[in-house]
1. Please verify whether R49 is assigned to a helix (DSSP H, G or I), at pLDDT 90 or above, more than 17 Å from the chain's Cα centre (by Cα) and not hydroxyl-bearing (S, T, Y), treating the condition exactly as stated.
2. Quick check on region 32-55. Is at least one of its residues of a type outside the set (D, E, K, R), on the phi > 0 side of the Ramachandran plot and either in contact with a helix residue (DSSP H, G or I) (Cβ under 6 Å, 6 or more places away or on another chain) or surrounded by 10 or more Cβ atoms within 10 Å (Cβ to Cβ) (or both)?
3. From the list G11, G4, pick out the single residue that is assigned to a loop (DSSP other than H, G, I, E, B), more than 20 Å from the chain's Cα centre (by Cα) and loosely packed, with under 11 Cβ neighbours inside 10 Å.
4. Hey, can you tell me all the residues within region 14-24 that are part of a helix (DSSP H, G or I) and surrounded by fewer than 12 Cβ atoms within 10 Å (Cβ to Cβ)?
Amino acid sequence: MVGGVTEVRVGKDESLDSALRRFKRQVKRSGVLSEAKRHEHYEKPSAKRRRKLARRKRDAR
């Protein structure tokens, strides 16, 4: 859902805190913030490959 609009409707009996928690959870799951952080600065293709390789090695353990 990257790039989509994240929307949370607050119910009548729901507190604002719980709605905010749901919103934060949806944003985290959608990956909007991580995508924005990744595009904050240009990353050379070689650096991107190195990062992905390191992640694969770490996940393989």
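The values are calculated or read from the model by the stated rules, or taken from the named source; none is laboratory data. It should be emphasised that the depicted structure is a prediction, and the values quoted were computed from it without experimental measurement. Because the Cβ atoms are built from the backbone with ideal geometry, glycine has one as well, and the counts that use them run over all protein chains shown.
1. In short, yes.
2. No.
3. From the options G11, G4, the qualifying one is G11.
4. Scanning region 14-24 gives L16, D17.
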